[in-house]
Amino acid sequence: MFNSTLIPLMVVFPLIAAILANFLHQKDRSVKTIAIISSIVAIIIPLITLYGVHLFSGHIRTESFPEISKLLIPDVYMGIVYAYGPLQKILLALLTLMTVFVVFLSINRKLISGVYVAMIFISLASVSAIILTDDFFNFFVFIEVLTVAQAALVIAVKETKAHKAAFKYMIFSSVSGGSILLGIALLLGVYGLLNMTDLSNAITAGGALKPVALTAIALITVGWLYESGLFPFHIVKSNMYENAMPETAALLQLQSKFILVAMSIALLRIFSGYALLKSVMLGFAIFTVVIGSVMALQQTDLRKLLSFVAVGQAGLVAMGIGLGTSFSISAGIFHAINDVLSMAILFFVAGFILESYKTTKLDQLGEGLQKAPLIGTIMFLATLAISGVPPFNSYQSEFRLIQSAVEAGYAELSVLVILLSVATFIAVIKAFYMIFMKPSTNTEADPKVKGTMYKTIIVILIAMCLFIGLFPNMVYDPIYNIIVSLGV
Amino acid sequence: MDPFQVGSFLTAGVLIVTGLWAIIMMDNLLKKVIGANLIGDGVNLVLIGIGYRPGGLVPEVTHHFHATAVPSTFSHFLAFNEFAELASYPLPFALVLTNIVIGASTLSVMLALSVVLYHKYNTLSVQKIFESMEED
Amino acid sequence: MFDYILLFVVALSALMAIIQENLYKSIIILGFESFSLAAIYHFLLATDVAATQAILGSALIPGLFIVALYKTSKGRDE
Amino acid sequence: MEHKGKGFGIGSGFTSEFLMISSILIAGMLVLRTANSVLFALGSLVILAAILFTVPTVFRVEKENTDSINLTSFYVVLTIAVILIVFFAGSGVLI
């Protein structure tokens, strides 16, 4: 069988970079060099890797051994399997690109320390593994690693609020991690398998689900809600986004949206015949979307507002996935990709404002357009992009979401999507007005802050938004083909 | 199912529920951390219980069989097939080893955070730390 | 018989560790719970896991807790 | 609920109020249309009435979404219970 050796490198290489950066803790110059070199290498690896399947230690798919009579399928994978296809390529390219941007911005901001860079690379490695893996326990391990890395990125802010947010995140991660592992354990007990493909086959062959398997689904769903920041955990997630450095928050929201996509696909693949799961996903998604937008409208702090918008958009992605048709699932994934880009622009703008005005409270800001006309213009464009105005990318995905909602027979949801994009527009345009247009007397920008790096990066990102908006099929078609071939 | 296995599952249930209770209800930060530890222990016990085979062998290769040995009544060495039929299922044990290490690392991060929060607020009470509104 | 008693001990000491007012005592009880759990792993034929759990659960984790308690000097539920 | 910008606080308050009410109405319609069960219909009608009598709902929503760890824990337990009940009852194991 063809073994593509570059596939595990996507996980291993960031880990090596993290270890190196961690060793060189106080030598800032060498940390900087290592960070730049390894981020450039990290961005190249997903692009040159061939599609394929990597079997760890060469364990090929073999006949299941006889003494486990519980197995319902004739042959199983014996080792951990990583699969790399077009969907993984799109997600990983975007992930590494954004990680590189965040590393550059952190270097630019003198935030650089060995541990910080190490945590960024560890989170990169874990999200790559989560996207690539086909093994449920491997998935769990990297989710736990990611939780610690994200908490460490927030702790690095050194504010008490950030510490509180990280503590809350860790406490609830122990609940959700425990429930995911318990679910995996129960599935292992019932079906004797950990590989997702094999589990899916075994569950299909096993007929109706037993109560133990139902408990497992329920527990894993609770973990899914936590990892993707949906309803009861939306406060925890938005607290994390709010208290992290804004650049890091852009990375965190990207990671949790991609985990939402990866984990939903895994769940839908494993329990493909189980329709109730999709309804539950849909219900929690609607709840999250409404609460996220309502809370975003009420905020007076830019970072808090953006974090609630990010949570609401994650709910929109989950809504597409929860609708359950191939069309809606691919629309949801497409929306995740688009939304990550425009949310990242907004968070980077927030980072620039925090650096230059030392605050993000909306009522202390004003008249920014004279001082930073380019940033203001791009924030306005990003506002249009995130609320789905035609030339930009979110229009394409929200249009597909609405269409798929109507096709799936939930015409009401399309009204809801429109309402929510209007609400998002109002929330973000309010922030735009209060930062850039509102007359104000007491705002002082730090004249030393040029923000060249911010400007370059957000110009690149808005160009990407526009490009995807003009040629949506370049991204959308591969996703749709994959989802159809998965048959979820 | 073996009664001891059932008993260990029940104990695991008690551990998980106790941990959840501590996380939800206890007011002390360290008690919450202890609860997180108990949840991890309970899940580990479930996994170990799944791998258990009543009256089986310990799945450690060196003690029980030798690749070239011929099964006989005089020797405790077993052929591989015989060993595989008698040994308990070792996959969950490997999972538990990983999970113990992960649990210890997350626990240490949580403990460090609670120490930092204590130095800021001079208390370990969640009520006083998280519900206070004096900032911002 | 001893193994069933151990199961009971684990459940009871978990409850005790939560209910106990004095955090030092509750950490000692937690270490005891971990050690009994390691013994149960031994009875469940997982000897390697039992060794790891005995070291980590009854030495390292209570040690970390004790350090944290020293740092938070009061160490009592109020 | 102090000053949230001049005029903008009121505007966004009204927007979110309308958003809440319309989404609740939409959700109610959805449940009534898809779940052909008397229990669901009655339940959704009761929830609808309860929420429509507590206008303005926005402040209530904001109060329930603070950074408090206790409220979040409460909702987490509630969610675990609801998910378990839904999965068991929906698959015909209970009821």
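The values are calculated or read from the model by the stated rules, or taken from the named source; none is laboratory data. Worth saying up front: this structure is predicted, and the values here are computed from it rather than measured. When we count neighbours, we look across all protein chains shown, and the Cβ atoms used for this are built from the backbone with ideal geometry, even at glycine. Accessible surface areas use protein heavy atoms only, side chains included; no ligands, DNA or RNA. Shrake-Rupley method; radii C 1.70, N 1.55, O 1.52, S 1.80 Å.
Here are the numbers:
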{"item": "Rounded to the nearest 20 debye, dipole of region A:271-488 from Cβ charges on Lys, Arg, Asp, Glu", "result": "420 debye"}
{"item": "For region A:354-488, with +1 on Lys and Arg beta carbons and -1 on Asp and Glu, the positive-most of A:P472, A:A408, A:I458 along the dipole", "result": "A:I458"}
{"item": "HN-Hα J in Hz across region A:114-122 - Karplus 6.51, -1.76, 1.60, θ = phi - 60°, x for Gly and Pro", "result": "x, 5, 4, 4, 4, 5, 4, 6, 5"}
{"item": "Average beta-carbon neighbours from other chains, 10 Å sphere, peptide A:178-188", "result": "6"}
{"item": "Chain C: DSSP helices with Cα axial extent of at least 27 Å and average Kyte-Doolittle hydropathy no lower than 0.0", "result": "C:23-43"}
{"item": "Eligible lysines near A:K32 by straight Cα distance, threshold 20 Å, same-chain separation 8 or greater", "result": "A:K110"}
{"item": "Accessible-area order (highest first, 1.4 angstrom probe) of the listed residues B:K120, A:K32", "result": "B:K120, A:K32"}
{"item": "Accessible surface ranking that places the most exposed of B:E82, D:E17 first, with a 1.4 angstrom probe", "result": "B:E82, D:E17"}
{"item": "Mean Cα-pair separation over length for region A:271-488, i.e. relative contact order, pairs under 8 Å, 6 or more apart, %", "result": "27 percent"}
{"item": "Nitroxide proxy distance, nm - points 7 Å out along Cα→Cβ at B:E82 and A:Q370", "result": "9.3 nm"}
{"item": "Solvent-accessible surface ranking, highest first, for A:H335, A:H163, A:H25 at 1.4 angstrom", "result": "A:H25, A:H163, A:H335"}
{"item": "Magnitude of the charge dipole, the protein assembly as shown, Cβ model with Lys/Arg +1 and Asp/Glu -1, debye to 20", "result": "1760 debye"}
{"item": "Gaussian network model of chain D, springs between alpha carbon atoms under 10 Å - residue of D:F74, D:F59, D:F18 with greatest fluctuation", "result": "D:F74"}
{"item": "Nearest-ten-degree value, helix A:452-470 long axis tilted from longest Cα axis of chain A", "result": "60 degrees"}
{"item": "Exceeding the 29 Å Cα-Cα cut-off - candidates A:K27/A:K361; A:K361/A:K455; A:K89/A:K371", "result": "A:K27/A:K361; A:K89/A:K371"}
{"item": "Gain in span if fully extended, C:I19 to C:L60, counting 0.36 nm per residue against the direct Cα distance", "result": "12.5 nm"}
{"item": "Region A:423-434 - phi-based ³J(HN,Hα) in whole Hz, Karplus 6.51/-1.76/1.60, Gly and Pro as x", "result": "4, 4, 4, 4, 4, 7, 5, 4, 4, 4, 4, 6"}
{"item": "Cβ-placed point charges (K, R +1; D, E -1), dipole of region A:379-456 about Cα centre in debye, nearest 20", "result": "380 debye"}
{"item": "Of all DSSP beta bridges in the protein assembly as shown, antiparallel share, percent nearest 5", "result": "85 percent"}
{"item": "Folded to 0 to 90 degrees: helix A:136-155 orientation relative to chain A principal axis, Cα", "result": "20 degrees"}
{"item": "FRET efficiency, C:M1 to A:A275 (Cβ-Cβ, R0 41 Å, nearest 0.05)", "result": "0.25"}
{"item": "Relative contact order (percent, whole number), chain A, Cα cutoff 8 Å, 6+ residue spacing", "result": "13 percent"}
{"item": "Sequence-distant residues sharing a close amide H with B:A87 (under 5 Å, placed H)", "result": "B:L57"}
{"item": "Lysines whose Cα lies under 20 Å from that of C:K25, excluding same-chain neighbours fewer than 8 positions away", "result": "B:K31, B:K32, C:K71, C:K74"}
{"item": "Spin-label model distance (nm) - B:S125 vs A:A463, 7 Å beyond Cα toward Cβ", "result": "5.8 nm"}
{"item": "Kyte-Doolittle mean at least 0.0 and Cα axial length at least 24 Å: DSSP H helices in chain D", "result": "D:8-34, D:69-90"}
{"item": "Karplus-derived HN-Hα couplings along region B:99-104 (A = 6.51, B = -1.76, C = 1.60, θ = phi - 60°), whole Hz, x at Gly and Pro", "result": "5, 4, 5, 4, x, 5"}
{"item": "Accessible area per residue in Å² at 1.4 Å probe, computed on the protein assembly as shown", "result": "39 Å²"}
{"item": "Relative contact order %, chain D, counting alpha carbon pairs below 8 Å whose residues are six or more apart", "result": "22 percent"}
{"item": "FRET E, pair C:K71, A:H25, Förster distance 22 Å, beta-carbon r, rounded to 0.05", "result": "0.45"}
{"item": "5 angstrom amide H check on A:D75, placed H, neighbours 5+ away", "result": "A:S64"}
{"item": "Per-residue SASA entry for B:D2, accessible area with 1.4 Å probe, Å² rounded to 10", "result": "40 Å²"}
